[in-house]
Amino acid sequence: MYKVINAFKDKENKNILYRVGDTYPVDGYKATKKRIAELSKEHPEHKKAFIEEVKEDKE
């Protein structure tokens, strides 16, 4: 599971707007590993990442 850390429109999924704190991806959409990698790393033009992985506690 991933959490949005910087707002963005997902150009690969109908320009859905993700706001800070939202879960990525929305229900019903399966993001590719490539897309997750693109959003997790610093974007060359915008100079920021857009999502980060959320580790779930196994308690």
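The values are calculated or read from the model by the stated rules, or taken from the named source; none is laboratory data. Being a predicted model, the structure only gives us computed values, none of them experimental. Methodologically, a virtual Cβ is constructed for each residue, glycine included, from the backbone with ideal geometry; neighbour enumeration extends over all protein chains shown. For the accessible areas, the whole protein counts, side chains as well, though only heavy atoms, and no ligand, DNA or RNA atoms are used. Shrake-Rupley method; radii C 1.70, N 1.55, O 1.52, S 1.80 Å.
Computed values, structure above
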quantity	calculated
Options 12, 45; residue that is over 18 Å from residue 1 (Cβ atoms), part of a loop (DSSP other than H, G, I, E, B), touching a residue at least 12 places away in the same chain (Cβ under 8 Å) and open to solvent by 50 Å² or more (accessible area, probe 1.4 Å)	12
Boolean, residue 21 is on the phi > 0 side of the Ramachandran plot and touching a residue at least 12 places away in the same chain (Cβ under 8 Å)	yes
Pair list, Cβ < 9 Å and 6+ apart or interchain, from the range 25-38 residues that are closer than 18 Å to residue 8 by Cβ and acidic (Asp, Glu) to residues that are in a loop (DSSP other than H, G, I, E, B) and open to solvent by 90 Å² or more (accessible area, probe 1.4 Å)	none
Filter result for residue 52 (in contact with a helix residue (DSSP H, G or I) (Cβ under 8 Å, 6 or more places away or on another chain), within 14 Å of residue 2 (Cα to Cα) and not in a loop (DSSP other than H, G, I, E, B))	yes
Which listed residue is assigned to a loop (DSSP other than H, G, I, E, B), loosely packed, with under 10 Cβ neighbours inside 10 Å and modelled with pLDDT of 95 or more, from 28, 21	21
